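Beneath this line is the structure, given in structure tokens, with notes to follow.
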Amino acid sequence: MKVLVATDGSENSMKAVKRALELAENEGAKVTLMSVAFYSKDDFDDMPPNIQDKLEDHAEAALKKAKSIFDKKGIAVETVVEAGVVPANNIIKKAKDGKFDRIIMGSTGVTGLARALMGSTAAKVVSNAPCSVSIIR
């Protein structure tokens with residue numbers, strides 16, 4: 001089973017990471033952790049470079065946090081960082097292109113704007129995913 005886990009480092013997304021770890025341990029699932037920086041460089045070229053860097057750093061930090069859980073158990077995991085204005089589109093495309101069997105993600109993400117985006121991200125992924133989706137609360 002191939003599992004794609006969308007994470008932003010939030011509490012619910014880390015619960016999703018732990019659920020994926022259980023699948024890897026108990027069922028031998030191959031897990032890919034994915035984080036999406038909420039922008040597109042083409043669209044935001046006029047923004048200060050440090051804004052883009054901060055968004056990328058946040059996505060990288062979320063993956064590092066999630067990967068550390070797998071590393072502690074000695075279980076191999078792939079990581080992917082992408083950039084996009086609509087994170088759900090990145091997740092859906094990755095699931096299709098990678099022929100994943102399941103997507104696991106949190107019901108809501110971090111606070112503020114990112115939280116609103118993650119909530120709508122979960123709804124869009126559920127509606128359009130090419131595979132089963134597990135939403136973790």
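Overview of values
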item	result
Filter result for THR79 (of a type outside the set (Gly, Ala, Ser), touching a helix residue (DSSP H, G or I) at 6+ places or on another chain (Cβ under 7 Å), surrounded by 15 or more Cβ atoms within 10 Å (Cβ to Cβ) and modelled with pLDDT under 85)	no
Members of the range 57-103 found to be over 12 Å from the mean Cα position of the chain (by Cα) and among the β-branched types (Val, Ile, Thr), listed by number	ILE69, ILE75, VAL77, VAL85, VAL86
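The values are calculated or read from the model by the stated rules, or taken from the named source; none is laboratory data. Source: prediction; values computed, not measured. Note that we place each Cβ from the backbone using ideal geometry, even for glycine, and neighbour counts take in every protein chain shown.
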